[in-house]
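Presented below is the structure to which this report refers.
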Amino acid sequence: MPALTNQPVDGARLWETLMRFAQIGGTEKGGVKRITLTDEDRRGRDLFRVLCEQAGCTVRVDSMGNMFARRAGRDPARLPVLMGSHLDSQPTGGKFDGALGVIAGLEVLRTLADLDIVTEAPIELVNWTDEEGCRFGRAMMGSAVWSGIQPEDKVKALTDGDGVSVAEGLAAIGYVGAQPCAAFPADAMFELHIEQGPILEAEGKPIGIVTGAQAQIWFEAEVTGQDSHAGTTPAIARHDALLATARIIEVVDAIMREDGDTNIADPGRGTVGRLAVFPNSPNVIPGRTKFNVEFRNPSDARIAAIATDFPQRAAACAAANGCTLTLTPVFRVPAQPFDADCVALVEQAAARLGYPARKMVSGAGHDAVYVATKIPTAMIFTPCKDGLSHNEAESVEQFEAEAGCQVLFEAVLARANRVL
């Protein structure tokens, strides 16, 4: 798919750098384990800093460890145009989730340097801290604090399974910056990301023009029954917390499918992705479980209905099995539209470059969703094979990564040079 611009990014260099970062925390199955605030995360951050400085940028770090690489513009009074994503991964993550957006942003900076282009506005590339949320249980952590959605002191007090706090993790890797973590004046932000779903691949389109993100609601759940001997407790006397949990999980699935289950574009999502069973012995009826539940939908009204409906149906499942349910809302995120002018720049770039594209709503949460509450924001999606992500087999083609980077380049350049 040839680009029609006379200012092409270096697709080979982009790919080589993606593969270089993939070695940091690389797994035997070809994925990446670069969990936030670990030594692997530190190594990725250190390399990011070096490469950005080599591209002529100055790098600063805020108090949540968010990293900002700044390339000066012609007019120092202009607000910067941001771009970026995250370098942390899931425990069994892929090479491209998050990393593509950061490294493509680096390629934009390198291309500007190669071509000796000075934009009117400064450009800043961001590596947000802990987008994945797998270690401390809060996704998009760095951008949430930056956007004022989560208070920094409470986020820094969160602990992982070993009792290590966010504050301790940041200090351990040496990434507690002097700059306060708070939204600063900026002109816009663009985030490139793999789709993490099957729609673009199924339609043969290399570019997704993301118009916004779904609403979400997350719960922490605990079912309490009674642990007892598996061999001596008859059915009538059982208070099986795991059985009640299984039936609650069926409710989650049923609610999701009420919004359709026959088309890849059906909007409903409902998931239980973490489950702990106590006492977790093979010959003891489980007396307690703890798990997380999340629902996503493009409609705020639908999420509002689920927020009322699901607790009632889940509590009924627990009661029917002689158990009790404690359900605690963790957070609720409204549907977030992206800025129409920024979205238009992405659409215009794809059209000018000759890339087939389609407008779409993001099913996943991204740092851009929180940033959009403060400044004009848009996202660009590229396909991933079989729609698979959060998996070591996650894969994209080199030309797809290059196409996404080229659209990012064009959109950022247009925004940074726009006439005020």
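Readers should treat all values here as calculations from the given coordinates under stated rules, not as data from a laboratory. Note that the structure is a prediction, hence the values are computed from the model and not measured. So basically every Cβ, Gly included, is an ideal-geometry build from the backbone, and we count neighbours across all protein chains shown.
Counting only helical runs of four or more DSSP H residues, what would the 222 nm mean residue ellipticity of the chain come to if each run contributes -39,500 (n - 2.57) and the total is spread over all its residues?
On the way: 12 runs with 145 residues, N = 420.
Taken over the chain, the calculation gives -10500 deg cm²/dmol.
How would you order 244-255, 350-361, 381-392 from highest to lowest mean count of nearby Cβ atoms within 10 Å? Before the final figure, lay out the partial values.
On the way: 244-255: 19.4, 350-361: 17.2, 381-392: 21.2.
Output ranking for 244-255, 350-361, 381-392: 381-392, 244-255, 350-361.
Compute a Gaussian network model of the chain, connecting alpha carbons closer than 10 Å, and tell me which residue from Ala364, Ala335, Ala121 fluctuates the most.
Ala364
Output the peptides 401-409, 233-241 sorted from most to least packed, where packing is the average of other Cβ atoms within 10 Å over each peptide's residues.
Details: 401-409: 27.4, 233-241: 14.9.
For the peptides 401-409, 233-241, the packing ranking is 401-409, 233-241.
Can you list residues from other chains, or at least 5 along the same chain, whose modelled amide H is less than 5 Å from the amide H of Ser228?
For Ser228, whose amide H was placed from the backbone, the distant partners under 5 Å are Ile285.
What lysines could a cross-link reach from Lys29, if we take a straight Cα to Cα line under 27 Å and drop same-chain neighbours fewer than 8 places away?
Lys95, Lys385
What do you get for the angle between helix 241-257 and the principal long axis of the chain? Use alpha-carbon atoms, 0 to 90 degrees, nearest ten.
Once rounded, one gets 50 degrees.
Place a +1 charge on the Cβ of each Lys and Arg in segment 215-333 and a -1 charge on the Cβ of each Asp and Glu, then give the dipole magnitude about the Cα centre in debye, rounded to the nearest 20.
Details: 11 positive and 13 negative charges, 46 e Å.
Approximately 220 debye in magnitude.
Between Glu220 and Val118, 0.36 nm times their residue separation minus their Cα-Cα distance comes to what? Please report the intermediate quantities before stating the final value.
Values: separation 102, 0.36 × 102 = 36.72 nm, distance 4.90 nm.
Extra length available between Glu220 and Val118 comes to 31.8 nm.
Tilt of helix 11-22 relative to the longest C-alpha principal axis of the chain, in degrees (0 to 90, nearest 10)?
Here the helix axis deviates by roughly 40 degrees.
Counting only C-alpha contacts under 8 Å and six or more residues apart, can you give the relative contact order of the chain as a whole percent? Please report the intermediate quantities before stating the final value.
On the way: 978 pairs, mean separation 101.1, N = 420.
Rounded, it is 24 percent for the chain.
Just want the answer: with Cβ charges of +1 for Lys and Arg and -1 for Asp and Glu, which residue in Ala305, Gly322, Ile217 is farthest toward the dipole's positive end in segment 215-333?
Gly322
When only C-alpha pairs under 8 Å and at least 6 residues apart count, what is the relative contact order of segment 215-333, in percent? Mind showing how you got there, number by number?
Working: 239 pairs, mean separation 54.9, N = 119.
Relative contact order comes out at 46 percent.
Just to check I understand the Karplus step: with θ = phi - 60° and J = 6.51 cos²θ - 1.76 cosθ + 1.60, what whole-Hz values come out for segment 399-406, glycine and proline as x?
Here the 3J(HN,Hα) series is 5, 5, 4, 5, 4, x, 5, 5 Hz.
Once you put a point 7 Å from the Cα of Asn280 and another 7 Å from the Cα of Gln7, both along the Cβ direction, what distance in nm separates them?
Each label point lies 7 Å from its Cα, and together they span 5.4 nm.
Would you mind working out the magnitude of the charge dipole of the chain relative to its Cα centre, with +1 at each Lys and Arg C-beta and -1 at each Asp and Glu C-beta, to the nearest 20 Debye? All intermediate terms of the calculation are to be shown ahead of the outcome.
On the way: 39 positive and 54 negative charges, 92 e Å.
Charge dipole, the chain, about its Cα centre: 440 debye, nearest 20.
By how many degrees, 0 to 90 and rounded to 10, does the Cα axis of helix 99-114 deviate from the longest principal axis of the chain?
10 degrees
Give, in nm to one decimal, the length gained when the segment between Val419 and His229 is fully stretched (0.36 nm per residue of separation minus the Cα-Cα distance). Mind dumping the intermediate values first?
Numbers: separation 190, 0.36 × 190 = 68.40 nm, distance 7.43 nm.
Between Val419 and His229, full extension yields an extra 61.0 nm.
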